[in-house]
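In what follows, a structure is listed as structure tokens, so that the remarks can point back to it.
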Amino acid sequence: MNIALSDIPLPPQPPADLETRNVIDKFAAYVAKNGPGFEEISRQKNADNPKFGFLFGGEHHQYYQFRLMWEIQQLKGGMIGYNNNQNQPNYPPPHVPILPVPLQTQSFDIGESRAQVDSIRNQIKESENNLQAQYEVLQKQKEMKVDEAVKNSEEKRIAELLEQVGLNIEPFTQLLDHLQSSCSKDTISVIEILYEQN
């Protein structure tokens with residue numbers, strides 16, 4: 001169903017007198033903000049005031065009703081305005097028809113999706129490899145720390161035992177250092193075995 005712009009009703013014409021129009025516009029804004037109680041009090045106070053004849057069904061009453069509805073809509077988030085090509089402000093029509101919007105279908109490329117899945121799998125595999133390498137490095141560092149702690153503990157225990165028996169092995173240590181610098185590996189191994197046995 002096509003709706004022409006000419007089918008949409010135009011808002012009532014505002015008063016030609018700018019002062020009257022300003023009074024109605026401002027009053028409608030106050031009523032929209034403060035509620036119908038404000039309008040009722042104004043009716044009572046201005047029953048004999050011709051400037052407020054629009055409150056009692058007089059001239060420009062339809063414009064006031066329209067302007068009041070427009071102000072209320074603005075407080076609720078506004079409506080889309082339109083121009084009636086008569087140098088009037090962009091007032092919204094009382095009822096804006098909602099036209100159906102055609103649905104757009106999105107194409108799906110299975111080849112591209114597979115490529116994305118493969119790329120993600122490769123990234124996951126690479127991450128797993130990196131994590132494994134980091135784990136191995138951490139394990140190696142841990143083993144080295146444990147070995148160092150064991151060695152330090154053994155050296156400390158040996159030093160305590162030597163102190164208890166009153167044995168000074170410094171001459172033997174110097175002899176071994178001298179032999180290590182001047183002998184072959186096999187000779188050093190034999191000397192170390194002899195040293196450990198004694």
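Couplings for region 32-37, taken from phi via the Karplus curve 6.51 cos²θ - 1.76 cosθ + 1.60 with θ = phi - 60°, read 4, 7, 9, x, x, x Hz in order; Gly and Pro are left as x. Once both labels are positioned 7 Å from their Cα atoms along Cα-to-Cβ, the gap between Lys142 and Lys125 label points is 2.8 nm.
Peptides 21-29, 63-71, 117-125, 37-45: what's the order by average Cβ count within 10 Å, highest mean first?
63-71, 21-29, 37-45, 117-125
Counting only lysines at least 8 places from Lys185 when in the same chain, those with an alpha carbon closer than 26 Å to its own are Lys151.
No lab work stands behind these numbers, since they all come straight from the coordinates. Being a predicted model, the structure only gives us computed values, none of them experimental. Positions of Cβ are backbone-derived with ideal geometry, glycine not excepted, and every protein chain shown enters the neighbour counts.
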